[in-house]
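Taking it in order: structure first as structure tokens, then the write-up.
The values are calculated or read from the model by the stated rules, or taken from the named source; none is laboratory data. These numbers come from a predicted model, not from an experiment. Note: accessible area is taken over every heavy atom of the protein model, side chains too, but ligands, DNA and RNA are not part of it. Shrake-Rupley method; radii C 1.70, N 1.55, O 1.52, S 1.80 Å.
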Amino acid sequence: SSRQALEQARAAAEDLEDLKAVAKGLEEENGELRRQARHMEKEQRSLCSRAEDLQEERLLTEGQGLREQIQAQAARLADLEVSGGGHGGHGGPAGTR
């Protein structure tokens with residue numbers, strides 16, 4: 001019976017060593033996953049910043065295009081007013097009758 005208790009104690013000690021090895025492996029894997037997560041968070045922040053920059057760039061480009069369209073429309077309108085004799089009630093110098 002003491003021999004049986006000794007065998008059980010040895011088996012329990014082996015199981016404990018196995019569990020310690022498994023725990024160590026899991027801790028190492030957890031550490032690696034944490035490192036990967038930190039790297040991915042940093043990469044995500046970088047990508048978000050880049051996306052914001054691209055959005056801003058796109059809006060500036062669209063704004064420039066709209067300004068150019070407005071200027072072109074204003075030029076056409078000015079041409080029409082000049083060729084049409086300036087209809088619209090505010091043509092001609094002020095104070096003349």
**Report entry** Residue with peak Gaussian network fluctuation, the chain [Cα springs, cutoff 10 Å], from 32, 56, 81
**Finding:** 81
Query raised in the report: How much accessible area does residue 83 have with a 1.4 Å probe, in Å² rounded to the nearest 10?
Result: 100 Å²
Report task. Given the options 27, 14, 57, state which has the largest fluctuation in a GNM of the chain using a 10 Å cut-off (strictly under) for Cα springs. Result -> 14
Query raised in the report: When mean projected area of the Cα convex hull in nm² is calculated directly from the model, which label among (i) 9.2; (ii) 7.0; (iii) 13.0 fits?
Result: (iii)
Query raised in the report: ³J(HN,Hα) across the stretch 71-84 via Karplus (A = 6.51, B = -1.76, C = 1.60, θ = phi - 60°), whole Hz, x for Gly/Pro?
Result: 4, 5, 5, 5, 5, 5, 4, 4, 4, 5, 5, 5, 6, x
Query raised in the report: Taking 0.36 nm per intervening residue step and subtracting the Cα-Cα distance, what contour gain separates residue 30 from residue 1 on full extension?
Result: 6.2 nm
Query raised in the report: What residue among 16, 59, 26 has the largest mean-square fluctuation in a Gaussian network model of the chain, using Cα springs under 10 Å?
Result: 16
